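So the structure is just underneath, and the comments pick up after that.
Rule-based calculations on the coordinates, nothing more; no lab input. In this text the structure is predicted, and so the values were computed from the model without any measurement. Virtual Cβ from ideal backbone geometry, glycine too; neighbours counted across all protein chains shown.
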Amino acid sequence: MKKFIIPLAFVVAACSDFGDKNVDPNNPTQVPVAGFLTDAISDMPGMESTATSLYYSQYWSATRYTEASRYSVTQFDFTGIYSGPLNNLQKVIDMNTDPETRVFAAESGSNANQIAVAKILKAYFFLHATDRWGDLPYSEALRGAENLTPVYDPQSAIYSSIAEELDDVIEEFDNGAAPKGDILYNGDISKWRKFANSLRLKMALRISKVAPDKAKTEFEAAVADGTFTSNNDNAIFNYLGNGAFDNPWHIAFLTRTDNAVSEPLVDMLLDLNDPRLQAYADPINPGQPDVYAGMPYGLGNGEAGGYGFEEVSLPNSSKVIGKDSSIPILTYAQVLFYLAEGAANGWNAGGTAEEYYNEAIKASMEQWGVFDQPSYDSYITQPAAAFDASNATQLIGEQKWIATYMQGYEAWAEWRRLGYPDLQPAPAAVNNSGQIPRRQAYPASESQNNKANYDKAVARQGTDNLDTRVWWDVE
């Protein structure tokens, strides 16, 4: 996945000149718009599945060099999100809007459809970023030289603006050609509409504690407009596994084994006799296919070094870290858990919390290729997993955590919001509080290059560290 890291202040999104008007077709100077869309989509897995995110969510444990899993890193760089996918998506919008380039841009699909998909993807990337850092440059971002010091918008304002954008964009598609370069949905506009509405559903639940009335309204509107209806709608990034475009985790594990599946996850799956364990992890010994063991989470280097690779389960070698292993972005199972939570809140979800909860577990098992009807029937009736309205938040939180394996940042966000599962901080944590981070601190460059706006954001949001909570993360 390409990352072009440059100072945020110098990100130039607006494209005013894409070549001479008289273009020699044999020597084109304009870059096909489809390439910008493809490049942006190819950055989506990196928003879901990074080592840090898998540590925060406790899906993985470090087996060596454990500092990052113990919260040693405080400042995280967001400039690559702006200069990479967001910049590319702004180019798609600008080239399809500018009278001088929109005819050329239409070779990659109708102008309206390209713009709509780009807006939906911008919403996805901005949501990802604000859930990690909180207040961010938004309304004045992506203007390049027009504004080298964009203001930081409050997270509440960012959420409100994105909600309006997603509500409007559904009506902006036309009957013209589908966008080329769409390596997520292959130009299927109906799926992009569902993806947008499913994002709205996720946003509604995110703000449900801090703005419950608005959350209910947004939730019910998204349900009415149509969200995912089956695993066929899943937004899953597929790698070709051809040597040129392999899953990055496969490449990482070829030469290093720095991570294993965490003890908290393996133990929960074992306790539940959960069939997804065989899809998430490898047994510790090929000769003992039913023996799994998780790596204790958050150990110091010395203690972690006492564990041999033959003692702990590594990520599943075919489904998780294979050359062509996919990375989930947003799934039907997630949507069903959102619907279950909404119904449990008394909102109009079109079904009951128990129905959606049970269907979510089934959808997740089907997604990972381990569904079996008799086993499923036993699973959802066992005391530790059977739906109980009086304990809905915990059950939904725990089962959603299981279902969002490899979607580290999403799982971390939902843990912050729901408080489940009951994850414990790294025993050898090195951050000041010794607690699981609640957000990530801004990159150091922002306090230098955009100091006035950075200072205002910190004054409004709170100390720029791992412990300050973002707007929607309330007690």
To the nearest 20 debye, the chain has a Cα-centred charge dipole, built from +1 on Lys and Arg Cβ and -1 on Asp and Glu Cβ, of 700
Expressed in nanometres to one decimal, the distance between label points 7 Å along Cα→Cβ at VAL474 and ALA386 is 3.5
A correct fewest-to-most ranking of VAL458, VAL320, VAL31 by other Cβ atoms within 10 Å would be VAL31, VAL458, VAL320
Given 405-412, 236-243, the highest-first ranking by average Cβ count within 10 Å works out to 405-412, 236-243
Filtered hits (lysines, Cα-Cα < 20 Å from LYS122, offset >= 8 within chain) -> LYS2, LYS3, LYS91, LYS180, LYS191, LYS194, LYS202
Note to self: C-alpha centroids of segment 78-144 and segment 264-342 sit apart, in Å, by 35
Reviewing [x] 41, 29, 24; [y] 56, 30, 21; [z] 35, 26, 24, the figure for semi-axes √(5λ) of the Cα gyration tensor in Å actually calculated from this model sits under [z]
Of 325-335, 426-436, ordering from highest average Cβ density within 10 Å down gives 325-335, 426-436
Residues of segment 401-424 with backbone N under 14 Å of the label point set 7 Å from the Cα of VAL73 along Cα→Cβ are 408-409
Projecting the Cα atoms of TYR356, GLY46, PRO443 onto the charge dipole of the chain, where Lys and Arg contribute +1 and Asp and Glu -1 at Cβ, the residue farthest towards the positive end is PRO443
For the ARG102, GLN394 Cβ pair and Förster radius 56 Å, calculated FRET efficiency rounded to 0.05 is 0.60
Taking Cα pairs closer than 8 Å and at least 6 residues apart, the relative contact order of the chain in percent is 22
Packing-ranked peptide list from 38-46, 92-100, highest mean Cβ count within 10 angstrom first, is 38-46, 92-100
Expressed as a whole-number percentage, the relative contact order of segment 31-156 with C-alpha contacts under 8 angstrom and at least six residues apart is 24
Of segment 70-89, those with amide N under 14 Å from the point 7 Å along the Cα→Cβ vector of ASN301 are 70, 72
Full extension between ASN231 and SER161 adds, at 0.36 nm per residue less the Cα distance, a length in nm of 22.3 nm
